[in-house]
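Here the structure comes first, spelled out in structure tokens, and everything after it is commentary.
The values are calculated or read from the model by the stated rules, or taken from the named source; none is laboratory data. Computed from a predicted structure; not experimentally measured. No Cβ is skipped: glycine too gets one built from the backbone with ideal geometry, and neighbour counts run over all protein chains shown. The area values use the complete protein model at the heavy-atom level, side chains included, leaving out ligands, DNA and RNA. Shrake-Rupley method; radii C 1.70, N 1.55, O 1.52, S 1.80 Å.
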Amino acid sequence: MARTWLSIRVELVSGRGADFWPRPGRVLAASRSHSFAQFAEAVDVAFGRWDLAHLHMFTLGDGTGVSPLDWWGGEAPEGTVDGRSTKLGRLEAGEQFAYTFDMGDNWAHLCTVAEKRIDPLDELGAVPDRPAPYWGWGSLPDQYGRRWDGDDGESRMPKQPPRGGLGDLPPLLPWWG
């Protein structure tokens, strides 16, 4: 297994009409036998997305689109290949490609395959059955732009509870409540 997996750096470039700088990112370990659909799900989870019922598309350097074809209802862009059957093994060291989640909000990511392969035991301590993140940085925006539970986009920020923002918590830890 030594050094057989890909290490893929994924940076969030833009989404919901905003460009991000510095760009938050995650690095994922993925087997060459994993599908692009599996990789998309791992990226979405690593970026804190909970509503995964949105179209997504990879755009490879040669312009090829990769997406689950059954999601498009026969309307997939011409030349798109099926992300459920297309494997990451088609990627080369150093290759860059784009990933877009939610074709309305256009969460765009730059993906870069590392020059060297990795051993998942060294990086993750185990061999996962799907792609998995093992490094990351930056603040992740909420996929709908919500700042708190119940945020409707127009209401004022809730008042902070007393005692430095922790006064509303039960006293389960010494600095709470």
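Residues in region 63-84: is at least one hydroxyl-bearing (Ser, Thr, Tyr), touching a residue at least 40 places away in the same chain (Cβ under 8 Å) and in contact with a Phe, Trp or Tyr (Cβ under 9 Å, 6 or more places away or on another chain)?
Within region 63-84, not a single residue is hydroxyl-bearing (Ser, Thr, Tyr), touching a residue at least 40 places away in the same chain (Cβ under 8 Å) and in contact with a Phe, Trp or Tyr (Cβ under 9 Å, 6 or more places away or on another chain).
So in region 127-150, with the set limited to residues that are among the aliphatic types (A, V, I, L, M) and open to solvent by 50 Å² or more (accessible area, probe 1.4 Å), which one is nearest to Gly104 (Cα to Cα)? Give the steps one after another, and end with the answer.
First pass over region 127-150, keeping only residues among the aliphatic types (A, V, I, L, M): 127, 132, 140.
So of that shortlist, the ones also open to solvent by 50 Å² or more (accessible area, probe 1.4 Å) come out as 127, 140.
Values: Val127: 35, Leu140: 18 Å.
Of everything passing the filter in region 127-150, Leu140 is nearest to Gly104 (Cα to Cα).
Within the set of pairs 6+ apart or on separate chains, which have a first residue in region 129-158 that is within 30 Å of Asp119 (Cβ to Cβ), a second that is open to solvent by 50 Å² or more (accessible area, probe 1.4 Å) and of a type in the set (Lys, Arg), and C-beta atoms under 8 Å apart?
Gly138/Arg23
Answer yes if at least one residue in region 129-149 is in contact with a helix residue (DSSP H, G or I) (Cβ under 9 Å, 6 or more places away or on another chain), closer than 16 Å to Val27 by Cα and small (Gly, Ala, Ser), and no otherwise.
Taking every residue of region 129-149 in turn, at least one turns out to be in contact with a helix residue (DSSP H, G or I) (Cβ under 9 Å, 6 or more places away or on another chain), closer than 16 Å to Val27 by Cα and small (Gly, Ala, Ser).
Take the residues of region 151-177 that are on the phi > 0 side of the Ramachandran plot and open to solvent by less than 100 Å² (accessible area, probe 1.4 Å): which is nearest to the chain's Cα centre (by Cα)?
Gly153
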